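Right, one structure below, let's go through it.
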Amino acid sequence: MEPDAQPQAELEHRESVKPPPRRLSAGVAGVASLALAASLVVLPGFGLLVAPLALIPVLQQVPAGRTTAMAWSWVVAGLIVVILAGGGATWAVILGAYLFVVVIPAVSVEAWSRYGWSQGRWIALNSAFMAALSLLVVALMALPEDPLTYTAAVMQGPFDEIAEMSGSAGVPKAELYREIDRLEASLKWIMPSVPIGYLVLILFWVRPRLAILGLKVPAVAFEEYSSDEMLPWAFVATGVGTLLLDGTPRWIAINLLMTVMILYFAHGLAIIRAHLARWVGRGWFVRWGLGLLCLRMPIPVVVAALGIVDSFYRLRPRKDTGGGNS
């Protein structure tokens, strides 16, 4: 072997063996996740964009041989101590935001990597658990009143402020109050299911990043996403409950039905994305254009209907034997 051959071989070997990525310690990960999750409360609006980042340092613990609980458990315990010591309602809201944005998704990702669920089942289990938890929290806060009366009373303050601000801007009061009454009549029924849409956004945002973080989960491309095979049964059960029940039982059924429709909406978006990917690619303008288009009613209902139909009859382009799409 020539004199320079051995140093060259050693150099190539060192370049081929990359050092493992740096990971935060459990303590630092907990502090970082708390700071990012608290933005949901401290920075209204902008916090919706920042808060999902709180998942990243916590999920980094799993490939390092630790559990996510090592990062978030002491944060939860500390927040509970602060609340019991008289920290006030703000700390209770921060705790709720931390559980919502960090703890529940992180635990579910660990379970997903362990049990190998389908992607649809992972998202459905998260959504069902969060819907049940949201309904339980609202029902307990409403006691001894019923949840509908309580929710309407809680919304009255913000609606009065909106009415005052809009009235000072020259909006006709009669028309304004008519719109507020219509909005209140709908929101008091579906308010507990509103956070589920945000949770589903977080799950779909973190889904393609799990492999980068080093977690082994059976994730698929968004255009291949399908709802869990049990979702049609949930759709039928909640739909029948919405039609036949009344009062608080109907409130529960409606919010569970809204959760199912959110999942079917994501399913429908995946179908549309699968067709658009064949013609215009997968660029950011496709994602944002599709998202903005679906903000106007009744388009979200149509998109969710596509997901329901696809559960029984495939609407996505089929792959031919040569590996292309037909």
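The values are calculated or read from the model by the stated rules, or taken from the named source; none is laboratory data. Just so we're clear, the structure is a prediction, and the values are computed from it rather than from any experiment. Virtual Cβ from ideal backbone geometry, glycine too; neighbours counted across all protein chains shown.
Take the residues in the stretch 1-32 that are assigned to a loop (DSSP other than H, G, I, E, B) and either touching a His at 6+ places or on another chain (Cβ under 9 Å) or charged (D, E, K, R) (or both), then tell me which one is modelled with the lowest pLDDT.
Out of the qualifying residues, it is 18.
Just to be sure before I move on: is residue 141 surrounded by 11 or more Cβ atoms within 10 Å (Cβ to Cβ), closer than 30 Å to residue 270 by Cα and at pLDDT 85 or above in the structure I sent?
No, not satisfied.
Could you list, in sequence order, all residues of the stretch 73-129 that are buried (at least 16 other Cβ atoms within 10 Å of the Cβ), over 17 Å from the mean Cα position of the chain (by Cα) and among the aromatic types (Phe, Trp, Tyr)?
Within the stretch 73-129, 91, 117 qualify.
I'm checking my understanding of the structure. Among residues of the stretch 32-50 that are closer than 16 Å to residue 76 by Cβ and small (Gly, Ala, Ser), which one is surrounded by the fewest Cβ atoms within 10 Å (Cβ to Cβ)?
Of the stretch 32-50, the ones closer than 16 Å to residue 76 by Cβ are 32-38, 40-41.
Next cut, small (Gly, Ala, Ser) only: 32-33, 35, 37-38.
Values: 32: 18, 33: 28, 35: 14, 37: 29, 38: 23.
Here the answer is 35.
Report, by residue number, each residue of the stretch 33-68 that is more than 20 Å from the chain's Cα centre (by Cα) and either hydroxyl-bearing (Ser, Thr, Tyr) or part of a helix (DSSP H, G or I) (or both). Steps first, please.
Initial filter on the stretch 33-68 (more than 20 Å from the chain's Cα centre (by Cα)): 61-67.
If the condition is that a residue be more than 20 Å from the chain's Cα centre (by Cα) and either hydroxyl-bearing (Ser, Thr, Tyr) or part of a helix (DSSP H, G or I) (or both), then 67 is the only one that fits.
Are there any pairs with C-beta distances below 9 angstrom linking a residue in the stretch 126-143 that is closer than 14 Å to residue 254 by Cα to a residue that is hydroxyl-bearing (Ser, Thr, Tyr), with the two at least 6 apart or on different chains, and if so which?
Every condition considered, the pairs that remain are 128/259; 131/193; 131/259; 134/193; 135/193.
Do we have residue 123 as without any contact (Cβ under 8 Å) to a residue 40 or more places away in the chain and over 24 Å from residue 248 (Cβ atoms) here?
no
Quickly run through the stretch 41-63 and pick out the residues that are farther than 13 Å from residue 214 by Cα and β-branched (Val, Ile, Thr).
Answer for the stretch 41-63, where residues must be farther than 13 Å from residue 214 by Cα and β-branched (Val, Ile, Thr): 41, 42, 50.
Here are some conditions: (1) closer than 23 Å to residue 205 by Cα; (2) outside any helix (DSSP H, G or I); (3) over 22 Å from the mean Cα position of the chain (by Cα); (4) modelled with pLDDT under 75. Residue 316 meets all but one. Which one does it not meet?
(4)
For every residue, the table says whether it meets (1) of a type in the set (S, T, N, Q); (2) crowded, with 17+ Cβ neighbours inside 10 Å; (3) assigned to a helix (DSSP H, G or I); (4) at pLDDT below 90.
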{"position": "229", "(1), (2), (3), (4)": "no, no, no, yes"}
{"position": "235", "(1), (2), (3), (4)": "no, yes, yes, no"}
{"position": "241", "(1), (2), (3), (4)": "no, no, yes, no"}
{"position": "251", "(1), (2), (3), (4)": "no, yes, yes, no"}
{"position": "264", "(1), (2), (3), (4)": "no, yes, yes, no"}
{"position": "269", "(1), (2), (3), (4)": "no, yes, yes, yes"}
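Of everything in the stretch 213-227, what is closer than 20 Å to residue 114 by Cβ and assigned to a helix (DSSP H, G or I)? Give them in sequence order. Steps first, answer last, please.
Our first condition is that a residue be closer than 20 Å to residue 114 by Cβ; within the stretch 213-227, this holds for 213-220.
Scanning the stretch 213-227 gives a single hit, 213.
Applying the selection to the stretch 276-313, what residues are touching a Pro at 6+ places or on another chain (Cβ under 9 Å), modelled with pLDDT of 80 or more and part of a helix (DSSP H, G or I)?
308, the sole residue that qualifies.
With respect to residue 152, determine if the residue is at pLDDT below 90, more than 25 Å from residue 226 (Cα to Cα) and assigned to a helix (DSSP H, G or I).
Yes, satisfied.
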